[in-house]
Amino acid sequence: MKTLTIAAPDIKRRALGKGLDSLLPRVPSAPTPTSKEPEGGKPLEIPLEQIDRNPFQTRSNMNEDQLAELAASITANGVVQAILVRPLANGRFQLIAGERRWRASELAGKKTIPAILRQVSDEQAMEITIVENLQRADLNPMEQARAFERLSREFHMTQEQMAVRTGKDRASVANFLRLLKLPLSVQTRVEVGELSFGHARTLLAFEHAEEMEKAAKRVIDLSLSVRQTETYVQGLLHPERAMKKEPKPEPPVDPNIREVQERLQRALGLKVHIEDHSGRGKVIIEYGKLEDFDALLETLAGE
């Protein structure tokens, strides 16, 4: 395994994947009782009560505190970015993207919200929802896994097609789908953040649910890193190679550093380690093959 080390006093996340506009064909919009016909995709002011929730929403949880903060901002400044909706046959509208803005506008007591109309199919609406969430507000690993499974089940998309539509590589899609083989109790631990994507993928080396559940509890109790978890799991699978001493918990890591480290790993699709010493340190990115290195360079160079 090769590593690339970058001195980094400040870390900024780049959004990955396709732009939403490339997935959204424009369509002439019919006049509504509340606004004149838009020109060139200009947003309409649509009553909140005429908008139905997106049935393809992949996010199962939404932070209520953050929603309240957004509502306060909307009260003070209005909705800065229009939501995306599609017209329905019954004269109502269905949300495509922007559920947080829609819900926060309701909390803020708004009657209407700026919205751009697009004519899209069910498949496109679901794709757009996944891409928007992946780009702007990360889904947890289980939400991503279920979203990909839904694309496969409902729209018969291959892993390669899902990778192209969502801007991820096929191996990542396959790894997310494999998480659905975990027992529900372990999936819940991943969903609430007790186990990371790397932890969960390592536990899949076991054949039986009981083994996964027992190992997951041990990993959490000892606060094992992903690398320590790999050693621990291999020790259980191959006791003849096991170390004499059980792995010890790692020194405590600043939660902010851990969060940035995990965000970088999700964004780059590579293993990332941050060494921080009072605001100075290193960002170490590991890659296993030249293709990963090339992709990393393109991402960092903004190509």
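Details
- Anisotropy class assigned to segment 104-208 is oblate, per the alpha carbon gyration tensor with a/c at or over the 1.5 cut-off and a/b no larger than b/c.
- Cβ-defined net charge surrounding residue 52, 14 Å radius [Lys, Arg +1; Asp, Glu -1]: 0
- Computed over segment 112-221, relative contact order equals 23 percent, with contacts defined as Cα pairs under 8 Å that lie 6+ residues apart.
- Cross-link pairs beyond the 27 Å C-alpha cut-off, checked among 214/271; 181/271; 111/168: 111/168
- Whether segment 158-290 is rounded, prolate or oblate, judged on the alpha carbon gyration tensor where a/c under 1.5 counts as rounded: oblate
- The overall shape of segment 61-136, judged from the alpha-carbon gyration tensor, is oblate: a/c is not under 1.5, and a/b is no greater than b/c.
A short reminder: the numbers here are calculations on the coordinates, not readings from a lab. For clarity, every value in this text was computed on a predicted model and none was experimentally measured. Every residue, glycine as well, gets a Cβ built from its backbone with ideal geometry; the counts of neighbours run over all protein chains shown.
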